[in-house]
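Note sheet for the following structure.
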Amino acid sequence: MLEVHKELRLRGDPARFDAFIQAVATRAARAWLRDREREAELSSLPPRRQCYVFRSVAAADRVAVSLFLTSDHGELRVTNIVPQQVGQLTRGQYNAILDEFTVRYIGPVAPDFGMDSELTADRLPITHWLSEEAAKRLARFSRAANKGTGSGHPLDLERWLAFLIQVHRERATLDAYTLSRWLVEEEGWPEEKASDLASEFEFGRDLLKAYDAAR
């Protein structure tokens with residue numbers, strides 16, 4: 001299964017979001033601070049959704065980050081966690097920070113405001129983005145194909161196209177980047193060939209969409 005960034009979603013009464021966030025800020029005061037200036041800046045940008053920003057207080061055992069929550073259609077979501085200095089978080093770091101923030105500060109406060117929370121898993125199977133049938137076709141191609149030539153052999157191409165057609169039929173949510181990661185991390189493909197297949201995948205989906213639109 002692929003390691004992914006966890007997602008935190010909170011559902012409740014939007015009229016209570018401000019009070020909920022303030023309660024979280026009060027509970028987290030020693031470790032996190034509200035960045036109200038950044039909140040005002042982001043909330044004024046299209047599509048003008050209410051944003052909340054927390055900045056972690058720097059500590060010896062963790063990198064300082066900013067955590068962003070966005071209000072949309074009765075839901076609060078953590079939309080990003082970014083380092084305050086140059087660089088980026090690994091998926092593991094991102095998920096650990098989100099876990100800590102959720103357990104220590106969100107979880108204890110949410111029931112008081114009637115908020116239901118959902119924290120997604122940190123690893124997902126390929127069937128999260130594909131149907132069972134499409135996943136079978138992808139696995140059939142990957143395990144039979146020559147990893148040095150990709151879809152170059154006629155029989156490999158036939159299996160590859162069967163996968164692309166199935167993905168198009170079901171309007172699968174799989175994207176080229178996730179496909180490339182799956183090929184490398186789960187199936188042992190060389191990065192260069194996985195990148196080539198990801199490009200073919202993207203082109204193939206665009207071509208089939210254009211064909212449908214032109215009919």
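Throughout, read-outs are computed from the coordinates displayed, never taken from laboratory work. These numbers come from a predicted model, not from an experiment. Here the Cβ positions follow ideal geometry from the backbone for every residue, glycine too, while neighbour counts run over all protein chains shown.
Which value, in debye to the nearest 20, gives the size of the charge dipole of the chain about its Cα centre, when Lys and Arg are +1 and Asp and Glu are -1 at the Cβ? Working shown, then result.
Details: 30 positive and 33 negative charges, 53 e Å.
That gives the chain a dipole magnitude of about 260 debye.
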Can you list the lysines whose alpha carbon is less than 25 Å from that of Lys209, not counting same-chain residues fewer than 8 positions off? Lys136, Lys193
Looking at segment 126-214, I'd like the Rg to Rh ratio, where Rg is from alpha-carbon atoms and Rh is Kirkwood's inverse mean 1/r. 0.94
Please report the Cα spread of the chain along all three principal axes, rounded to whole Å, starting with the longest. 63, 45, 29
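Express in % the proportion of alpha carbon pairs of segment 41-155 at distances exceeding 22 Å. Intermediate values should be presented prior to the final figure.
Details: 3671 of 6555 pairs.
Distances greater than 22 Å cover 56 percent of the Cα pairs.
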Can you tell which of Ala139, Ile126, Thr149 lies farthest toward the positive end of the dipole of segment 116-155, using +1 and -1 charges on the Cβ of basic and acidic side chains (Lys, Arg; Asp, Glu)? Thr149
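Please give the calculated 222 nm ellipticity per residue for the chain, where each DSSP H segment of at least 4 residues contributes -39500 (n - 2.57) and the sum is spread over every residue; nearest 500 deg cm²/dmol? Don't jump to the answer; show the numbers that get you there.
Numbers: 7 runs with 94 residues, N = 215.
Result for the chain, helices only: -14000 deg cm²/dmol.
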